[in-house]
Every structure is written in C-alpha cells, then in structure tokens.
Amino acid sequence: MERTCFQVAHHYDKSIDLGSDVAIVYGINPSLNERVTAWRRNGYIVHLMTGIAWGSYQDYLYGRFDGEEHLDDAQMAQNGNRVSHGGDVYYMVPTKPFTEYLKSLLKQALDSGVEAIYMEEPEFWVRSGYSESFKREWKDFYGTDWVDPESSEDASYKASKLKQFLYFRAIRELALYVKNYSEANDKKIQFYIPTHSLINYAHWRIVSPESLLLKIPNLDGLIAQVWTGTSRTPNLFKGVAKERTFETALMEYGYFANLIRGTGKKVWFLHDPVEDNPNHSWSDYRSNYEKTVVASLFYPEVSSYEVMPWPWRVFHGQYPFRKKGDEWEKSRIPSKYATEVLTVISTLNNMKQEDVEWDLALDGVGMLVSDTMMFQKPDMSSFYGIVLPLLKAGVFVQPVPMENFNAKGMQASRLRYMFLSYFFLKPPLEKVHEELVKWVSEGGTLFYVDDMQDPYNLVSEWWKEKGYESPAYDLFDQLGIERTGEGDYKVGKGRFIFRKQSPKELAKREDGASFVLNLLKEASEYKEQNYLMLRRGPYLIAAVMDESISKEPLLLKGSYIDIFDPELPIVESKLVNPGEVALLYDLGKFDKSKPKVLVSASRIRNENIQGNVFTFLSLGPEGVTAKARIFLPSKPKSVKVRTFNAKIWDFQNLWDENSNTLLLTYENFPDGLRIEVKF
C-alpha cells in the first residue's frame, strides 16, 4: 500500500532517503531516466511530477517545439507584463497547442517507466486575462468579443469561469492521454493533480479547477498542497489580522477531505518542515509544521501523506537559527528537529486506524464553500468571520463544497448544522438549492448570514435568468419562506435561520464571535471548551485554541510518548497551552501481548518474533539520529544492531521499567539496520 511519498528533484542520495513508499521524481529533463532508475533501484515505487501552469517550457515559448512562437500563451496582467514564476518561466494560458506540448513531455516520462503522473498547480492568476491567447479563448467560449475583466463584476466573474474551464479542459485531455498510453502498453498508470485548497486560492486571488476535477473520470486523485506557507496567511478575527496557522490549515485540509468524500478518489495530505520563504527561523518552521501536521490528523478518513516536497531543501538548506546583533546566523536543520521530522514521518505510516474517538464542543457543523469564491473578490474575512468563532470555541466546523453536496451524503457524514452566506460566493448550479432544501427538510439546520448587498448578486448567472435579484431569493422560495427579512423558520423536520448581517463585518467586530456562537446556541446544545481532541487508535491528537472562551491549558493525564519531542520521553501528564498542539502515543491503547516498535525516527519494516527474540529492520536517511521506543514483555537481556553485511553498529539503550519500553538511539542507515532484542 502507498501510504507516504515525497517529491524530489535530486538524484538519489543517502542523505534524503526517507524510506517512504513512493519517490515522486520532479521535472522532465535529460536526467529523468537516470533519476527514475536510481530511485527505483533503491527500493522506491517511482512517480513523476511536473508543473502544468509553469515550468522550463522555453522550447514551446520560443518555437523550438513546433516552429511557432507562443509567447502570447503566457498569462498577462493589465499593465502588459507577463505573469512570471521567475525570469521567463511564465504562468501559461492552457491553450490546445500548449496541451499538446505537455503531452509530448509526458510521453518521455511514461516511456521512463514511472507508475503515476502528477501535473501540479493548475493556476490562473485573477490579475491576468489580457493576453491575445486568452482573448481568443474568450471568443471561442462565450461567442462574443473579450471584455476587460476589471470593467465590471460580470466581466470579472466570466473571466474567472473561463480560466477555470481552460485548466479543466487541459487536465481532462492529459488524463485521457495517460489512460490511452496505459491501455496501449498494458499498464495501469495513475494520474493525480497536486493543488492548493480552494480556501488558499481564493485568498491568494488565483483560479484553479478545484471541484471540476471531480468531473474527470481518468483522474485518480489529488495532493492537498497545504503547508506552513499557505496556512500562515493572516486572517481577521475580532478585528485583528494575524497568522492563525492551525485554524487555517484545518480548513484547508478539510476542504479536500470533503471534496473527495464519496467519490472513490484518493487524496494525499502534504506537510513541509520548511517552506518557500527562506527568512523564517528554524523554531518558527518547527512550530508551524507541528500545527499543520496536527490539523491534517483531524480528518481520520485520510491516511495517505506526502511527507515533504523537497527533502534536499529540508536536510541541506540553510535557514536562520539565532540572531547575532542585527543579523541572523543560518544553519542546516538542527539535529533534534531532523529527528522529530523523521518521527512524524514514521508515525504517518501508521495513521490508518479504525478506532476513532472525538472530544469536541460540537461535531456535525459545516460551512458551505464553492469554487465561485475564486470568481469574486473576497478578502476571505467573510469566510473567517463565521468559521473562526466556531473553531475558537471548540466547535469542529468543516468546509463543505457545494459542488459535492448532496443531502444523503451530508446526512451520512453526520453534518447536522450548516452555515451559508452568498456574500462571498454564489451557488454554482440550481440543483444545489434542491439538495439544500432536501437536507433541511430531513432534519438539518441551515444558518444563512448575509446582508444581501453583494454586487456579484447581479452577475449573469442562472438565478438572474430565473428573474431573481439574488440567488438567496431562489433558495427562500424553494424553502417556502417569506423574503421579508430575518427569521427562524420551520422547514419539514429542520430549521432555516436567517440573519441579515455581513459576515465580513463580523470578522471586524469584537462581538462578532458571540453573534455567531449565539446563532448556534439557538439550534443546538454544546459544551463550551477551548480545545479540539481526537483519538486515532493509540494516537492522541489535541489543539488548544488561543483567543478563545478560556485561557486554561488542557491537562492530559496518562502514560504517553510525546511524538513532538525528539527524545521520545514517557510522560505521565502533558500540559497543552492555548495556541499549542500535541501528538501523543497512548501507552494504554495498544496490544501488549507481544513486542512492538511503538514510535521511531526511522521506517520500521519486517517486525518478527521468534520465541524470546524480537527482530526488525530500521531504515532512515544518513546523517540523522534515530530514536526508537520499543515495547517488550520484559527487560531485554541483549540488544544487537548490525548492517546487512554484519557490521556492528553503535547504539545506546535505556530501559524504562514503568512502561516496559526500551529506548534505542543510533545513527540512521538508509541501507537498513537489522536490530535484534532478546528478552
């Protein structure tokens, strides 16, 4: 089973041999075959990733591919500048000729024998839309001459819809190309799209296919590109704009979990111990990395992870670690952080757990979102004006894509309360209202928060064709309620609660949070708490909110291994303060009938028990210290650590009588260490 993967541009190197199931080789260039062969030779399933919106595509731009220059396929802003990822690596308009060029590159990758293709980051900037190629696509799509996207809300909305369609069209063609290649060569080659979340793209003013990807039958799944670089984007709560990494990451991962719900498609959740910005310190990266990891673990239906995108950057990059005068000194990754990262990676390999137990103020709460968030011009305060008050009060609210909303599925997923506002999004299809009405009438509670003043209500969409000034009025009519204003209405077995209020203003106000929470109190009973907590098998996952209803820390009592502590200590109590997260292994929640490696900073394989001898294989990147905590029925009589050619390997060991665990410390070895414990 493919549980963990990483993407890598470098040739195989022992210092970045993470021991995951899959190595995703990045980039199509003359070294591709050599890189694929090297990673495969070292035990990896090999996949291939390349950019769909940008890359080293100068052969296409300058006519070396087909004899025709294609510079007008670069995305262009209103000022006439091409939108660049750096130099002449431009973001592209995915025209049909550009798609054919990408197919020619994919053939090289497919011929190299990779088992999956990833076309990453289909991104069309909102500020673009002025190139000649885009104007031609507008004419083909709408049958009218191009209109400046900045000239009106309607033109902006139409431009973004077209941008989304163009990348959908390109991906559909590329996925079909890979399928046809697979069938012609008697193979099963998977096709994935790595993409940021809708939450992030709407915030960063980028248009991407998002939910349209579900309409591509040959798409096997997605990588949820969520990491500290996306989730540290500041948002507004009680009038204060700042980074809220955990809460933002929780929403980003949640978008993907609910997008693929019931589709049969796979999603990998991405983490990154560093990020693209080289100016944050190692301690900053570490704190935010832990928050994104914990946020991702609150979706137990997902258990596949891209553990990092660029291992060379993580283990060889130079980042600030301490300030000397006015300057920061830089260093490679601190050894303890490197050990912690490997411990987390090893833990992620074991996250497919059936036993799940929640501790929340309230479960079953959703916030409706839609691709149309990318078509408007929100500052995302409208979204966070509703979700942050709930999260800060321990209510686990999840983003629910309208495009994958159906009443039966939402009831099955325990969603009983839903918030909606057309202040920052619009219903993509009329049938969404039919499903919403069905969901409410069968017992759901829908909160509608909107001041009805959004100018995008007047764009040329399906509700305007039906004669409505706002899509909300179509919803009101289908619910069978009056349009006179605020109210609490009984609809079948459910309720519809309308408050005429701008969610953007709620984010600005000190009392905005209490407004949202009071709405929820009208329809539910929930215990007030300042934390979210979840058990996945033996793993205890917790986050304590700051800016919450209480400043009390969360005290966890028991016997745990602290996974975020590279020393893997046994702790009898864990204090989690507001603004902090925790990931613990509960020593009271596993089978004690046989020896077992509980937590380690290496990939553990081939655990075997023969009488009173326990053996296993440990693999990890060269240059990183490994810690492994092992449960044994009794105190060990001897411990041996050797390579496969029987070379004796240095190690230290410490026995803990109270927990019956042995702590081993040794240097990782990518070729594998055979560890034998007699007890």
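Throughout, read-outs are computed from the coordinates displayed, never taken from laboratory work. None of the values given here were measured: they were computed from a predicted structure. So basically every Cβ, Gly included, is an ideal-geometry build from the backbone, and we count neighbours across all protein chains shown.
Couple of notes before you dig in:
- Restricting the GluC sites (Glu not before Pro) of segment 488-533 to loop positions (DSSP other than H, G, I, E, B) with no more than 10 neighbouring Cβ atoms within 10 Å leaves 510, 525.
- 3J(HN,Hα) couplings calculated from phi for segment 615-630 with the Karplus curve 6.51 cos²θ - 1.76 cosθ + 1.60 (θ = phi - 60°) are, in sequence order, 10, 7, 10, 10, 10, x, x, 4, x, 10, 6, 9, 10, 9, 9, 10 Hz; Gly and Pro show x.
- Computed helical MRE - 222 nm, the chain, DSSP H runs ≥ 4 contributing -39500 (n - 2.57), nearest 500: -8500 deg cm²/dmol
- Taking other C-beta atoms within 10 Å as the exposure proxy, 679, 669 rank 679, 669 from fewest upward.
- Between residue 419 and 366, 367, 368, 447, the built amide H atoms are under 5 Å apart, and every one of these is 5 or more places off in sequence or on another chain.
- Applying the criteria of a DSSP loop state and at most 11 other Cβ atoms within 10 Å to the trypsin sites (Lys or Arg not before Pro) of segment 161-233 yields 188.
- Just so you know, the averaged projected area of the alpha carbon convex hull for segment 596-678 sits at 4.9 nm².
- Placing a pseudo-label 7 Å from each Cα along the Cα-to-Cβ vector at residue 524 and residue 263 gives an inter-label distance of 2.5 nm.
- For segment 417-542, the convex hull drawn through the C-alpha positions has a volume of 150 cubic angstrom per residue.
- Among 83, 365, the ranking by other beta carbons within 10 Å of each residue's beta carbon, starting with the fewest, stands as 83, 365.
- Once both labels are positioned 7 Å from their Cα atoms along Cα-to-Cβ, the gap between residue 152 and residue 103 label points is 3.8 nm.
- Residues listed by number, segment 625-646, amide nitrogen under 17 Å from residue 336 label point at 7 Å toward C-beta: 625-628
- Building the convex hull from the alpha-carbon atoms of the chain and averaging its projection over directions returns 32.2 nm².
- Subset of 14/678; 377/508; 135/158; 158/438; 596/678; 596/647 violating a 20 Å alpha-carbon distance limit: 14/678; 158/438; 596/647
- Distance from segment 495-513 to segment 265-310 (C-alpha centre basis), Å: 32 Å
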